[in-house]
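K.L.:
Pasting a structure here, questions to come.
Here, each number is a calculation from the coordinates, and none is a lab measurement. For clarity, every value in this text was computed on a predicted model and none was experimentally measured. Virtual Cβ from ideal backbone geometry, glycine too; neighbours counted across all protein chains shown.
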Amino acid sequence: MERVGLFQKFHNMCCTIGEALVFFGEVLTSIVQGKIRWNEVRKQVYEQGAQTIIIVVLTSLAAGAVLAMQGYVSMSRFGAKEFVSHLVALSLVRELGPVFTALIFSGKAGAKIAAELGTMNVNEQITATRAMGVDPMEFFVVPRMLASFMVLPLLAVIFELVGMFGGYIVGIFQAHLPGSFYLSQTIRAIEFVDFFSGFIKVFFFAVIISWICCYEGFKTRGGSLGVGQHTTNAVAYSYILVIISNTFLTKFILTVWG
Amino acid sequence: MIEIKALTKSFNGQKVLDGVDLTIAKGEILVVLGQSGTGKSVLLKHIIGLLKPDSGSVKLNGTDISQLTERELLAVRKKVGFLFQDGALYDFMTVFENVAFPLVEHTKLSVQQVTEKVIATLESLDLHEVGNKLPSELSGGMRKRVALARAIILDTDILLCDEPTSGLDPLRSRDISDVIYKISRKLGCSTVIASHDITNSFRIGDRLALLNDGKVAAMGSAEQFRKSEDHFVKEFMLR
């Protein structure tokens, strides 16, 4: 009996992955065919960005400051407190910026996407869209996904800049480093490959988060309970996949570009 | 004209429709009666191609829509209006935007023309000064009227109404039924109404079809139903 149950679960999981891939294929097809409603994309860019930016700014400021404080304590032991700015800048651009922003984004904008689409689904608004001869994929999903592709990288850049500012404050007031020195060291620390590797990550996370959240919202069934469950799933799966894929991406990037 | 032949549909091994045959002429109002869960909504969703039959066919004006792809169906649906049980209005749009939506999507009318058409349609359904309201600010009866306005705004050839009177008090039920009757006659469209509201169905339906166990158990005019000696028809009408 247990074997049958496990087989059934495995079968269901394979079916879900297959459905999700088909779903993503349909979105890509719509984008490639140019079925993009730029007005809807613009609205989504505003909504997703506006609701996440404050958390991103607050988190990044704190993260940058904490990173600088810890870096200062550790590096002072080796007499290398001048390199705090390097530590802060590289950590933010290569790792913390992309990952933290992705996690914040999935918890805020991702959850909103899943809950909105899920509610529309259980209220038959998505079925009504099909009934009116409009492709719901084109009307609801493509704009949300495209907006995520644009907003998340932008938020990551903001996270990195504000985080560096947080580090700068600590560098000046706690480590007593000259401001101009801190800034020049920060600029010197970041090379194009650092920024580029961070960008690859954040774009990959944007695809994962928007895909999972749209898919979960789109397949929601079962009234308000279903909306709650699928929204939670969307955020949980996004978190897990962002964290796990980050490990592989980091290994890949370090192997290819160093 | 709608022609449904030997339509069958099962969900998880349970047969919901089991060889349904129906023909609805242009301009006719057919009311599909039946208890809850007898497949009335499923039948309507087949007529607009939202569900694919397991077997059988559904023809709209001669085109077998069960053979069409989703993209081809999108084009067919432009001439079919569907009134959902709970309206299914977009809650992020105002009443005006909801009703204008099909016009904006499928016509090349100017903003001025769209505005005039939407206002005229809302007025014809006794919906005054609600254009700027959100659906959540309306009563159940008004939401149904707005949903009906959206369903007919493209001067549909076929109007499908899923339980239009459910959740409404007797007076509102009568009102919405009268409105559907008036509009169907005005547009000359084929109308299929899924309902278990016997009183209003008898008032507005040209013909009635009673579903039971996935089949059409009885078919005829209101008068024929009243005089029927069929045990199931009598039992259903007494409920």
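K.L.:
As a footprinting exposure proxy, order B:Asp91, B:Asp162, B:Asp157, B:Asp169 by other Cβ within 10 Å, with the fewest listed first. Kindly include the intermediate steps, with their values, before the conclusion.
P.N.:
Working: B:Asp91 15, B:Asp162 22, B:Asp157 18, B:Asp169 11.
Fewest-to-most ranking of B:Asp91, B:Asp162, B:Asp157, B:Asp169: B:Asp169, B:Asp91, B:Asp157, B:Asp162.
K.L.:
May I ask which residue of B:Ser184, B:Gly167, B:Val20 lies farthest towards the positive end of the charge dipole of chain B, with charges of +1 (Lys, Arg) and -1 (Asp, Glu) on Cβ and the Cα centre as origin?
P.N.:
B:Val20
K.L.:
Further question: Please identify every one of the trypsin sites (Lys or Arg not before Pro) in the stretch B:21-98 that sits in a loop by DSSP and has no more than 13 other beta carbons within 10 Å of its own beta carbon.
P.N.:
Numbers: sites: B:Lys26, B:Lys40, B:Lys45, B:Lys59, B:Arg71, B:Arg77, B:Lys78, B:Lys79; in loops: B:Lys26.
Listed in order of number, the matching sites are B:Lys26.
K.L.:
Please build a GNM for chain A, connecting alpha carbons under 10 Å apart, and tell me which residue among A:Val242, A:Val66, A:Val88 fluctuates the most.
P.N.:
Result for chain A, Cα springs under 10 Å: A:Val66 fluctuates most.
K.L.:
If the reach is capped at under 17 angstrom between alpha carbons, list the aspartates and glutamates near B:Lys59, excluding any in the same chain fewer than eight residues apart.
P.N.:
B:Glu3, B:Asp21, B:Glu28, B:Glu70, B:Glu72, B:Asp157
K.L.:
Let me ask you something else. In debye to the nearest 20, how big a dipole does the stretch A:72-186 give about its Cα centre with +1 on each Lys and Arg Cβ and -1 on each Asp and Glu Cβ?
P.N.:
Numbers: 7 positive and 7 negative charges, 66 e Å.
Taking the Cα centre of the stretch A:72-186 as origin, the dipole is about 320 debye.
K.L.:
Considering the dipole of chain B built from charges on the beta carbon (Lys and Arg +1, Asp and Glu -1) around the Cα centre, which of B:Ile29, B:Gln67, B:Thr94 is farthest to its positive end?
P.N.:
B:Gln67
K.L.:
Below 8 Å, C-alpha to C-alpha, sequence gap of six or more: please give me the relative contact order for the stretch B:1-152 in percent. Before the final figure, lay out each step's value.
P.N.:
Numbers: 186 pairs, mean separation 32.1, N = 152.
After rounding, I find 21 percent.
K.L.:
To continue, here is another question. If you fit an axis through the alpha-carbon atoms of helix A:223-256 and take the longest principal axis of the Cα set of chain A, what angle between them do you get, 0 to 90°, nearest 10?
P.N.:
The angle comes out at about 50 degrees.
K.L.:
Here is a follow-up. For the protein assembly as shown, give the magnitude of the charge dipole about the Cα centre (Cβ charges: +1 Lys/Arg, -1 Asp/Glu; no others), in debye to the nearest 20.
P.N.:
On the way: 49 positive and 46 negative charges, 69 e Å.
Dipole size: approximately 340 debye.
K.L.:
So how far, in whole Å, is the C-alpha centre of the stretch A:8-47 from the one of the stretch A:71-85?
P.N.:
46
K.L.:
Relative contact order (percent) for the stretch A:38-256, with alpha-carbon contacts under 8 angstrom and 6 or more residues of separation?
P.N.:
Details: 299 pairs, mean separation 78.1, N = 219.
Averaging sequence separation for qualifying contacts and normalising by length gives 36 percent for the stretch A:38-256.
K.L.:
For the pairs B:Lys133/B:Lys186; B:Lys108/B:Lys144; B:Lys26/B:Lys182; B:Lys144/B:Lys182; B:Lys79/B:Lys108; A:Lys43/A:Lys201, note any where the Cα-Cα span goes beyond 18 Å. Kindly include the intermediate steps, with their values, before the conclusion.
P.N.:
Details: B:Lys133/B:Lys186 27 Å; B:Lys108/B:Lys144 27 Å; B:Lys26/B:Lys182 15 Å; B:Lys144/B:Lys182 15 Å; B:Lys79/B:Lys108 16 Å; A:Lys43/A:Lys201 25 Å.
Long pairs (Cα-Cα over 18 Å): B:Lys133/B:Lys186; B:Lys108/B:Lys144; A:Lys43/A:Lys201.
K.L.:
Another question about this same structure. Taking beta carbons within 10 Å but only from partner chains, what does the mean come to for residues B:77-89? If you can, show how the numbers build up before the last one.
P.N.:
Details: counts 5, 3, 1, 3, 2, 6, 2, 6, 1, 4, 4, 10, 4.
Counting Cβ atoms of other protein chains within 10 Å of each residue's Cβ and averaging gives 4.
K.L.:
Continuing with this model, one more query. Taking amide H positions as placed 1.01 Å from N in the peptide plane, with prolines and chain starts having none, which residues 5 or more places from B:Cys161, or on another chain, fall under 5 Å of its amide H?
P.N.:
B:Leu83, B:Val192, B:Ile193, B:Ala194
K.L.:
Count the DSSP beta bridges whose two residues both fall in chain B, then state the antiparallel fraction as a percent rounded to the nearest 5.
P.N.:
Values: 20 of 38 bridges.
Within chain B, antiparallel bridges account for around 55 percent of the total.
K.L.:
Return the inverse of the average 1/r over all pairs of distinct C-alpha atoms in the stretch A:38-256, which is the Kirkwood hydrodynamic radius, in Å to one decimal. Walk me through the numbers before you get to the answer.
P.N.:
On the way: mean 1/r = 0.0542 Å⁻¹.
Answer for the stretch A:38-256: a Kirkwood hydrodynamic radius of 18.5 Å.
K.L.:
While we're on this one: Where does chain A land at 222 nm, in deg cm²/dmol rounded to the nearest 500, when only DSSP H runs of n ≥ 4 count, each adding -39500 (n - 2.57), divided by all residues? Mind showing how you got there, number by number?
P.N.:
Numbers: 10 runs with 210 residues, N = 258.
Computed mean residue ellipticity for chain A: -28000 deg cm²/dmol.
K.L.:
If each residue's Cβ is checked for other Cβ atoms within 10 Å, how do A:Lys251, B:Lys5 rank with the fewest at the top? Before the final figure, lay out each step's value.
P.N.:
Values: A:Lys251 10, B:Lys5 17.
Ascending Cβ contact count within 10 Å gives the list A:Lys251, B:Lys5.
K.L.:
Nearest 500 deg cm²/dmol is fine: what mean residue ellipticity at 222 nm does chain B get from its DSSP H runs of n ≥ 4 alone, each adding -39,500 (n - 2.57), divided by its residue count? Walk me through the numbers before you get to the answer.
P.N.:
Details: 9 runs with 93 residues, N = 239.
So the helix-based figure for chain B works out to -11500 deg cm²/dmol.
K.L.:
I'd like to know which of A:Asn246, A:Gly118, A:Ala131 lies farthest towards the positive end of the charge dipole of chain A, counting +1 on Cβ of Lys and Arg and -1 on Cβ of Asp and Glu.
P.N.:
Positive-end residue among those listed: A:Asn246.
K.L.:
Among A:Arg130, B:Arg226, rank each residue by its count of other Cβ atoms within 10 Å, from fewest to most, as a rough exposure measure.
P.N.:
B:Arg226, A:Arg130
K.L.:
Ignore the peptide's own chain and count Cβ atoms of other chains within 10 Å of each Cβ in A:131-142; give me the average, rounded.
P.N.:
Values: counts 16, 16, 13, 8, 3, 0, 1, 1, 2, 0, 0, 0.
Taking all residues of A:131-142 together, the mean is 5.
K.L.:
Amide H of B:Val16 versus every other amide H placed in the peptide plane: which residues, excluding those fewer than 5 positions away on the same chain, fall under 5 Å?
P.N.:
So B:Val16 has HN proximity to B:Lys9, B:Ser10, B:Phe11.
K.L.:
Moving on. Mind telling me which of A:Phe159, A:Phe173, A:Phe205 comes out most flexible in a GNM of chain A, alpha-carbon contacts under 10 Å?
P.N.:
Looking only at A:Phe159, A:Phe173, A:Phe205, the biggest GNM fluctuation is shown by A:Phe173.
K.L.:
Give me the dipole magnitude in Debye, nearest 20, for the stretch A:38-256 about the Cα centre, with unit charges on the beta carbon: positive for Lys and Arg, negative for Asp and Glu. Write down the numbers at each step before the final one.
P.N.:
On the way: 14 positive and 12 negative charges, 52 e Å.
Approximately 260 debye in magnitude.
K.L.:
Stretched out fully, how many nm does the piece from B:Met237 to B:Phe11 gain, at 0.36 nm a residue minus the Cα gap?
P.N.:
Details: separation 226, 0.36 × 226 = 81.36 nm, distance 2.80 nm.
Length difference between fully extended and current span is 78.6 nm.
K.L.:
Moving on to the next point. How many Cβ atoms of partner chains, on average, are near each residue of A:119-129 if near means within 10 Å of its Cβ? Walk me through the intermediate numbers first.
P.N.:
Values: counts 1, 4, 0, 0, 8, 9, 9, 1, 6, 14, 5.
The shielding value for this peptide is 5.
K.L.:
Say we join alpha carbon atoms closer than 10 Å with springs in a Gaussian network model of chain B; which of B:Gly27, B:Gly37, B:Gly19 then has the biggest fluctuation?
P.N.:
B:Gly37
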